[in-house]
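Contents: one structure, followed by commentary.
The values are calculated or read from the model by the stated rules, or taken from the named source; none is laboratory data. Remember, it's a predicted structure, so these values are computed and weren't measured experimentally. Cβ sites come from the backbone with ideal geometry, for glycine too, and all protein chains shown count toward neighbours. In case anyone asks, the SASA skips ligands and DNA or RNA and just uses the protein heavy atoms, side chains included. Shrake-Rupley method; radii C 1.70, N 1.55, O 1.52, S 1.80 Å.
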Amino acid sequence: MGKSETDICALSAVEMLDLMEKGSLSSVEIVKAFKSRWENDCVSEMPLRGYIEWYEDAEEKACAADSARKNGDKRPLLGLPFAVKDNISVKGKKCTCGSRILEGYVAPYNATVISRLLEAGAVPMGRTNMDEFAMGSSTEYSSYGPSRNPVDRNLTPGGSSGGSAAVVAGGQAPFALGTETGGSVRLPASYCGVYGLKPSYGTLSRYGVVAFGSSLDQVGILAKSAGDTALALSVMAGRDRCDDTSVNLEIPSPSNLTPLDLKGVRIALPKEFVSAQGMDRQVSSIFGKACAWFESQGASLDAVSIPVLEAAVSCYYVIALSEAASNLSRFDGIRYGIRRDPGQGYDELYVSTRSEGFGAEVKRRIVIGNYVLSTHFSGDCYKKAMSVRARIQKDVADVFSKYDLILVPTSPATAFPLGSKVDDPLAMYLSDLFTTFVNLARIPSLSVPMGKTSEGLPVGIQICGPMFGEEKILRAARTWEVECGREFNAEAPL
């Protein structure tokens, strides 16, 4: 008996592959179900606006995958659809980074992560909404308008990968690719109640991903489970000759992702975050209950002080904005994207194109970044931030010489109403309070949905591991899935 659209869209990626292998579900059926869900949502009163473009050839590719499977093709992701953030290149498809300045730009090649998914048989369904050039924490800085949170459509899904989180949480994709510079995968994952992985720097190739802050950027994964996350990561990870920062790393497939025995596992709780002022009471309650659960499984938890973490947000924004100002200088109206030429020379061409093409938040960050790098500072501010970053890397590595994992809330608060922070840059920047240290330290972190507030809003808790410790944190999350069996709501007793 065939499955309904609702049944199909509720399946995990691992379940979809299993049913396709058994012949009880086809890739075409899956793609059609997601497309129907998306089309119905588009005409609703408050559409998610997670996708900004549906790929019209998705069904054709799904049909080809079904035929290949019947002919004995055993590729690991054959026929499994996925969604792509709008700053990751898919050959022949638009890649606009949520910005007017790249209006009409079509990617001439595939990003390495896309090539590897395609080689594994996966089917791209569409590109997702994002804050312009990945600069934001709410997806409200997109030229396409904001995405909405499937849990409560009056709220933000987070950013900058808010569109990717929205389509996964909203049942419009089994998993989606996002990008991370300071929390842009984990924050939306927490707000929308899904899993969000920021891998170690170098685990996934950055080739074909439009740069924001090159020393911080990473491709990330938004999915429904630890197994689904491992599934996507296992085919994308590994050395890429097109990215010298990439490394050889093998991730086990979900079938080999055994739960982690937590007996004797040592977990650090950074005092600077756990006792941070301004943390929502219900977030703190859920975090406390999650900690108690880990202890009940035999793990030992210790509060540790890492004083340099108090400088993490400031350090992050100095580095990220400086690198953004440099990276975005290539968008000048000469080579690609929109061109606004008043006919008065190159300087006027640059000014006109960039003034019209970039949104207010991107302009703000470019101005700040250029100021930091200006002769006024002689680059001293950037150099100081890099020194602080080196200290963060060292101190975090020292923690991992004594502990196996770090546990910390993903965000100090739950998803906030759309429009409530869009005109307050500082408040928006502080959404990244608990996430930026991970990017600076270049370690992996997985945001796991571990509870809900009394209002039903999801709360994510980060499981952070040592450099290239992706397998360990995925196994720890798998233990949570298998052993916990319930959510920790803020008001629920232990």
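Quick one: what pairs do we get from the range 440-465, first residue free of Cβ contacts under 8 Å to residues at least 60 places away in the same chain, second open to solvent by 10 Å² or more (accessible area, probe 1.4 Å) and among the hydroxyl-bearing types (Ser, Thr, Tyr), C-beta under 6 Å, 6+ apart or different chains? Matching pairs, first to second residue: none at all. Which condition from (1) within 13 Å of the chain's Cα centre (by Cα); (2) in a loop (DSSP other than H, G, I, E, B) is the one that residue 109 breaks? With (1) within 13 Å of the chain's Cα centre (by Cα); (2) in a loop (DSSP other than H, G, I, E, B) applied to residue 109, the lone miss is (1).
Put simply, of 458, 444, 466, 409 the only residue that is within 22 Å of residue 146 (Cβ to Cβ) and of a type outside the set (Val, Ile, Thr) is 458.
Condition check ((1) over 18 Å from residue 168 (Cβ atoms); (2) under 21 Å from the mean Cα position of the chain (by Cα); (3) surrounded by 17 or more Cβ atoms within 10 Å (Cβ to Cβ)) across all residues:
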residue	(1), (2), (3)
209	yes, yes, yes
213	yes, yes, yes
238	yes, yes, yes
256	yes, no, no
260	yes, no, yes
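Of all residues in the range 324-341, those that are closer than 11 Å to residue 102 by Cα and of a type outside the set (D, E, K, R) have Cβ atoms under 6 Å from Cβ atoms of residues that are open to solvent by less than 20 Å² (accessible area, probe 1.4 Å) and part of a helix (DSSP H, G or I), 6 or more apart or on another chain, in 331/101; 333/349; 333/353; 337/101; 337/102; 338/101; 338/357. Listed by first and then second residue, the pairs linking a residue in the range 50-75 that is within 29 Å of residue 162 (Cβ to Cβ) to a residue that is open to solvent by 50 Å² or more (accessible area, probe 1.4 Å) and part of a strand (DSSP E or B), with Cβ atoms under 9 Å apart and 6 or more places separating them unless they lie on different chains, are 52/94; 53/94.
Against the test of being open to solvent by 80 Å² or more (accessible area, probe 1.4 Å), modelled with pLDDT under 90 and among the aromatic types (Phe, Trp, Tyr), the options 346, 371 yield a single qualifying residue, 346.
When 148, 116, 153, 186 are checked against the criterion of being open to solvent by less than 10 Å² (accessible area, probe 1.4 Å) and of a type in the set (Lys, Arg), a single residue qualifies: 186.
Within the option set 401, 387, 411, being modelled with pLDDT of 95 or more, crowded, with 24+ Cβ neighbours inside 10 Å and not hydrophobic (A, V, I, L, M, F, W, C) holds for one residue only, 411. Checking 180, 140 one by one, the residue that is in contact (Cβ under 8 Å) with a residue 12 or more places away in the chain and open to solvent by 10 Å² or more (accessible area, probe 1.4 Å) is 140 and no other. Every condition in (1) touching a Ser or Thr at 6+ places or on another chain (Cβ under 9 Å); (2) closer than 19 Å to residue 186 by Cβ is met by residue 441 except one, and the failing one is (1).
Residues satisfying the criterion are absent from the range 293-313 (criterion: open to solvent by 30 Å² or more (accessible area, probe 1.4 Å), touching a helix residue (DSSP H, G or I) at 6+ places or on another chain (Cβ under 9 Å), within 30 Å of residue 108 (Cα to Cα) and assigned to a loop (DSSP other than H, G, I, E, B)). Residues in the range 112-130 that are assigned to a strand (DSSP E or B) and not hydrophobic (A, V, I, L, M, F, W, C): 124, 126, 127, 128. Restricting the first member to the range 79-93 and to residues that are more than 13 Å from residue 165 (Cα to Cα) and aliphatic (A, V, I, L, M), and the second to residues that are surrounded by 24 or more Cβ atoms within 10 Å (Cβ to Cβ) and at pLDDT below 95, no beta-carbon pair is closer than 8 Å while six or more apart or on different chains. Take the conditions (1) over 29 Å from residue 140 (Cβ atoms); (2) free of Cβ contacts under 8 Å to residues at least 60 places away in the same chain; residue 308 misses just one of them, which is (2).
A single entry from 440, 430, 418 fulfils the requirement of being open to solvent by 30 Å² or more (accessible area, probe 1.4 Å) and within 16 Å of residue 313 (Cβ to Cβ): 430. Checking 66, 41 one by one, the residue that is in contact with a Pro (Cβ under 7 Å, 6 or more places away or on another chain) and within 28 Å of residue 106 (Cβ to Cβ) is 41 and no other.
The set of residues in the range 215-224 being outside any strand (DSSP E or B) and within 14 Å of the chain's Cα centre (by Cα) consists of 216, 217, 224. Listed by first and then second residue, the pairs linking a residue in the range 30-44 that is under 20 Å from residue 12 (Cα atoms) to a residue that is small (Gly, Ala, Ser) and part of a helix (DSSP H, G or I), with Cβ atoms under 6 Å apart and 6 or more places separating them unless they lie on different chains, are 31/58; 31/62. Here is the figure for the range 226-283: residues that are basic (Lys, Arg) and in contact with a Gly (Cβ under 8 Å, 6 or more places away or on another chain) total 1. Taking residues in the range 347-369 that are free of Cβ contacts under 8 Å to residues at least 60 places away in the same chain, and partners anywhere that are assigned to a helix (DSSP H, G or I), the pairs with Cβ atoms closer than 7 Å and at least 6 places apart or on different chains are 366/324; 366/325; 366/328; 368/321; 369/321; 369/322; 369/324; 369/325.
For (1) acidic (Asp, Glu); (2) under 23 Å from residue 159 (Cα atoms), each residue gets a yes or a no:
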site: 56; (1), (2): yes, no
site: 90; (1), (2): no, yes
site: 115; (1), (2): no, no
site: 125; (1), (2): no, yes
